[in-house]
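Note sheet for the following structure.
The values are calculated or read from the model by the stated rules, or taken from the named source; none is laboratory data. All of these numbers come straight from a predicted model, not from anything done at the bench. Here the Cβ is made from the backbone with ideal geometry for all residues, glycine too, and neighbour counts use every protein chain on show.
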């Protein structure tokens, strides 16, 4: 394949010669000579036969260019069939014989005037395919005439010819004014002419992204919609694809276009259907969700998508790849259609694998029993890839639908009993994920897993098993023996396994220090002294120093509580998904990559986006996307291959901080020096010590932004986990496996704790001021920080969370080089830029600093929830302090729930999650309270007055998408309010209550 | 758009090669052969990307058709076009085989020039194409004929030419259904659907306007509301719920969308008017009841009962039950009440055939399967028992209510047209797990 690529490049350089010299040498001299004689024969029939032979030779790749003059001589004929053959020859060889090709021009020009429209069209069609500059000049006049020909057949051919000419010489087309003529053809009376003109214009417009060529306005759109009803199936596709590029002015226009496009969903041609789906999916974004029509449209989309699955397998494949996108964007469309995605025994493997993917996406509590039964069947099939995927799918069901976890685990155990090697390995890998998701629930199966230790020969499975042994070392009597057995061949293991083994043995040591001292020394020496892998060595040294300096801290770090893993996996990053939705039906949607990843040159490089929604919907302009946009323009970098941990880590570590720059926050790994110490939760180690132990090492880069960009990946591991485990996760390698080519950053910060919607980062810009901000308090007293005093508070201003600090230098010397870092925290807060202390801070000087924060940093649940551990560095030292932020600053501006949704959600959240609090001594009336809360993005949705008691129903949304619903009861004359909070993540209630109290009393 | 189109034989030799775009070089032909046709592994995707060039392929018997492009083309359209290309070729010269392609290569080039311009598909209706691309060379046309051809190729009714005349106006309508079933060993329906087609042959003069009506639930309910339902309460269910349907391009889709009426000017000869899918209240013509018992490690006892579930006056035909056997089967003993049964070692299955079977009957086969002892740890996957059959009714319950023909310009009326309607239900994937 590489060789072929080279050939292609070479070919390009040589101006793409049509011939291949090796075929040339195989052509017998005599054969050409014979053909020459026949071509010059007087008999028409003989001539025709000879031309046919020439074409046949051409087809199999023989070079028959030597016959050029003889073939061209046959051009002047009344016989249309012969003429077509000669033209075919001309198209192939004109480029290699430009001088002789001129001989043909006269005939072309003459044919363009022929009374027979079929011949006129044939001439103009062929001329456009002859890529010889001299001929192109002669083409202009005939083309101009043909564009205005009385016969529609000639006009439709001429329209395409403009695109051909543009491909050869774009300047010429513009100079000759053909583009305007082409635009006029959009109003042609014949639908096919319109369709071809649209196709040609769309193609030309693609290579001129900024031109206003396809000036779509309501009038032209109307013309296109009229032609849509009348033209051929192919024409309908051209028109629909073109319509998809239009952005309606408002929701009414959007609806009226949708109404006229929906009948296409019943077309027999799948491409017409999918292109119509594309238009509808795109324009639907603009419709308010409470509109009746919106619901109708959603319902209309499901049946045609299902029907596509009864098409031929190749089309099914394309349809399934697209449905995968549609399901991610609008899961409601197909949520009841699970059954049609069940795999059939004789489906081609590519259809089977795609169906499986969609089944997992659609799995829910309602259908899980059926899905599991199916998956169990699949796990006994023949195709290894398919079986593996099915086993993995069972694990994913367990993680996604808690109620099914138990059944999934027992199914997996059954599968392990089959002893089929790859099934066992795959099952162990997924069971490890299940352990992570439901700690202390299924560990009883460990014994069964241990029985299969010997049969594991794949790195991923070995690593998973080692992780399990290390993690549950205290429950496995012979954990030390098991791990020791792996140690024998340490240097033959893959890096993934080595790293895992190192971590597991350290864990074991921390749990059972007395018996395993020897073992841990052995592995540390293997990793640090005998290995030439820098990652392994680094990690070895870190553990070593940790263990020798402060075993208690080591315990805290290595055995730290791990964040929960997310439910959905393999999700396509939202901005990419939006772009792919705009490309439904095309190759981009099949590859799940943006066109720029596989198309050369300027074509298709434009990034398409969905139109903004009309309603309050999800705003995409949160501050986080701004920084993300920068990254998305980075070139489609190296795609790390699955399971190659070493490669990944090296890649990540060696990449210089990318040009366009991901959020510069935790740039730890790259810069040497004290900053490094802040990485990965090491700070807890340092506690009160004023002098951190010298660790002149590059830490892992768990916080490096590059890492978190790649989170959507097969096993459910959030990259943040690496921190808590010091990179010890077995899934590390796989966690970065095969992400889509371009992975813009944005929302990828994986939020743990079963949060509702990972990607729903709200926070529209420009909202009311006056959000509550507590007064500043001293966070870092000067005596603890060698003269640096920091006091501060948090505020939300215009949708941006800010940390506002006052830095005072109470020391005798000048302070410079300020920098700040956060430890991982519950809501992923991270500095969105460097700490801006521009001037050196002279003694006794005070400076006010506002640090904007983002919420895409690494996540770890803190206790209390709103605790934030901060490290500030200056030229003197690094200082640590912790502070608490009011949770109200995480309330986003679009936190107002619709009434219906509020009602449904309130009912939907179990009563166990409800928390009730008293707010004492508050003297506001309900309206004043409501106003005050609104300033902090607590929105009142409804108010009800019952017997003198006002009930306010309120909603707020946190930056990570968690909704909190509240009922605030205010009794006139009673200074004590009662508040009930309901939330799917009940742990936030306490914090929210505190914020209420603070806001209301302020 | 499509940059080039190649046709290969099973060995990977090029039979047809037509390049439409400059970015596709000659070596693309070889790249596909080397990487796909000669690839050692099974084809894992119908779309292959080789060195930034995308290849789409379909196979017809042992002929490969491949479309190639370097752009972000509409992938669905490319596959639809490849199928269409196959249809057009079959309409011209029958089966797509190496011999036929070689014999008709000039014709194929001519077609490719006409239906694909610069990679953009153009009118590909055989009805229209046959008026000016013929195997017998080009007829000389009068000027009128020429303009008629071009207006038809580009016109709104590109699938029918004017001036067709028949002495006898005749219409054949076939409702062809394939009923699909996946049943659990316990007899629970895991999934069932009918995918149906309405296939017509029309021999009508002029430009007739047709209207087709069936017992579509939505239509019937709508009418029921308006007037009194006269034929209510007749035998069986009256109307069926259609999940989704698609139509030949001759059907006016906007009219269907607004009024749910199916009106069209038909192509001449054979065509597929519509396809539909139903999942509710399907009549499952057969029920398969399997019983598999493992006797020790070297013997299996299999008993399969089939029950026909339709009116006893009707006859099902071409019944075939396929019972898979393990790979290590050494011998099979069979007893069946009806039909013939055979163990086919090469197919790893027992094939039981019954020529005819009336409704409301049942039949049974028992088999003893001897197994060779193996040390293969992997358990036998137990593929499902599959069935084939043909029944003279539509398992979805679809009934044709009317098919009206109007041709205002010629003097024949709806009554003069002879109409034939036929229902055939066949098994699609009709499987019962055991």
**Asked** Restricting to segment A:936-992, what's the tally of residues that are in a strand (DSSP E or B) and either within 32 Å of the chain's Cα centre (by Cα) or closer than 13 Å to residue A:917 by Cβ (or both)?
**Response** 19
**Fill in**
Residues of segment A:438-453 being surrounded by fewer than 21 Cβ atoms within 10 Å (Cβ to Cβ) and part of a helix (DSSP H, G or I), in sequence order, are A:443, A:444, A:445, A:446, A:447, A:448, A:450, A:451, A:453
**Prompt:** within 14 Å of chain B (Cβ to nearest Cβ) and closer than 23 Å to residue A:502 by Cβ: does that describe residue A:421?
**Reply:** no
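Give the number of residues within segment A:920-940 that are farther than 19 Å from residue A:773 by Cα, modelled with pLDDT under 85 and buried (at least 17 other Cβ atoms within 10 Å of the Cβ).
Residues flagged as farther than 19 Å from residue A:773 by Cα, modelled with pLDDT under 85 and buried (at least 17 other Cβ atoms within 10 Å of the Cβ) within segment A:920-940 amount to 1.
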**Request:** State yes or no: is residue A:807 buried (at least 18 other Cβ atoms within 10 Å of the Cβ), over 17 Å from residue A:834 (Cα atoms) and over 35 Å from the mean Cα position of the chain (by Cα)?
**Result:** no
**Fill in**
Scanning segment B:72-109 for residues that are buried (at least 22 other Cβ atoms within 10 Å of the Cβ), in a helix (DSSP H, G or I) and within 9 Å of chain A (Cβ to nearest Cβ) gives B:75, B:76, B:77, B:78, B:79, B:80, B:81, B:82
**Asked** If we scan segment B:46-54, do we find a residue that is crowded, with 24+ Cβ neighbours inside 10 Å and closer than 30 Å to residue A:207 by Cα?
**Response** yes
**Asked** Out of segment B:28-42, which residues are surrounded by 19 or more Cβ atoms within 10 Å (Cβ to Cβ) and facing another protein chain (nearest Cβ under 7 Å)?
**Response** B:31
**Prompt:** Taking the stated definitions as given, is residue A:448 touching a residue at least 12 places away in the same chain (Cβ under 8 Å), in contact with a helix residue (DSSP H, G or I) (Cβ under 9 Å, 6 or more places away or on another chain) and under 22 Å from residue A:533 (Cα atoms)?
**Reply:** no
**Request:** Consider only pairs whose beta carbons are under 7 Å apart and that are at least six residues apart or on different chains; among these, list those whose first residue lies in segment A:50-73 and is in contact (Cβ under 8 Å) with a residue 24 or more places away in the chain and more than 11 Å from chain B (Cβ to nearest Cβ) and whose second residue is in a loop (DSSP other than H, G, I, E, B) and crowded, with 20+ Cβ neighbours inside 10 Å.
**Result:** A:54/A:64; A:57/A:64
**Request:** For residue B:176, work out the one condition from (1) assigned to a helix (DSSP H, G or I); (2) in contact with a strand residue (DSSP E or B) (Cβ under 7 Å, 6 or more places away or on another chain) it doesn't fulfil.
**Result:** (1)
**Prompt:** Which one of B:187, B:155, B:206 is closer than 30 Å to residue B:145 by Cβ, more than 10 Å from chain A (Cβ to nearest Cβ) and more than 23 Å from the chain's Cα centre (by Cα)?
**Reply:** B:206
**Request:** For segment B:259-287, enumerate the residues that are touching a helix residue (DSSP H, G or I) at 6+ places or on another chain (Cβ under 8 Å) and within 14 Å of chain A (Cβ to nearest Cβ).
**Result:** B:260, B:261, B:262, B:263, B:267, B:275, B:277
**Request:** State all residues of segment A:783-804 that are part of a loop (DSSP other than H, G, I, E, B), under 45 Å from the mean Cα position of the chain (by Cα) and surrounded by fewer than 20 Cβ atoms within 10 Å (Cβ to Cβ); if no residue qualifies, say none.
**Result:** A:798
**Inter-residue pairs, beta-carbon under 8 Å, first facing chain B (nearest Cβ under 7 Å) and surrounded by fewer than 22 Cβ atoms within 10 Å (Cβ to Cβ) and in segment A:257-274, second in a helix (DSSP H, G or I) and modelled with pLDDT of 95 or more, 6+ apart** = A:262/A:276; A:262/A:280
**Request:** Within segment B:43-71, track down each residue that is in a loop (DSSP other than H, G, I, E, B), at the interface with another protein chain (Cβ under 7 Å from one of its Cβ atoms) and out of contact with any strand residue (DSSP E or B) (no Cβ under 8 Å at 6 or more places or on another chain).
**Result:** B:44, B:45, B:51, B:52, B:71
**Asked** Among the numbered criteria (1) over 23 Å from residue A:331 (Cβ atoms); (2) within 12 Å of chain B (Cβ to nearest Cβ); (3) out of contact with any helix residue (DSSP H, G or I) (no Cβ under 8 Å at 6 or more places or on another chain), which single criterion is violated by residue A:252?
**Response** (2)
**Prompt:** Which strands (runs of 3 or more DSSP E) does segment B:320-434 wholly contain that include 1 or more residues that are within 30 Å of residue B:164 (Cβ to Cβ) and in contact (Cβ under 8 Å) with a residue 40 or more places away in the chain?
**Reply:** B:400-406, B:418-432
**Selection status of residue B:395, closer than 25 Å to residue B:197 by Cα and under 24 Å from the mean Cα position of the chain (by Cα)** = yes
**Request:** Counting only residues that are in contact with a helix residue (DSSP H, G or I) (Cβ under 8 Å, 6 or more places away or on another chain) and within 20 Å of residue B:154 (Cα to Cα), give me the helices (runs of 4 or more DSSP H) lying completely in segment A:61-176 with at least 3 of them.
**Result:** A:117-127, A:133-147, A:152-168
**Prompt:** Any chance segment B:114-125 includes a residue that's more than 24 Å from residue A:319 (Cβ to Cβ), in contact with a strand residue (DSSP E or B) (Cβ under 8 Å, 6 or more places away or on another chain), facing chain A (nearest Cβ under 8 Å) and crowded, with 18+ Cβ neighbours inside 10 Å?
**Reply:** yes
**Asked** Applying the selection to segment A:278-296, what residues are more than 10 Å from chain B (Cβ to nearest Cβ), assigned to a helix (DSSP H, G or I) and in contact (Cβ under 8 Å) with a residue 24 or more places away in the chain?
**Response** A:279, A:281, A:282, A:283, A:284, A:293
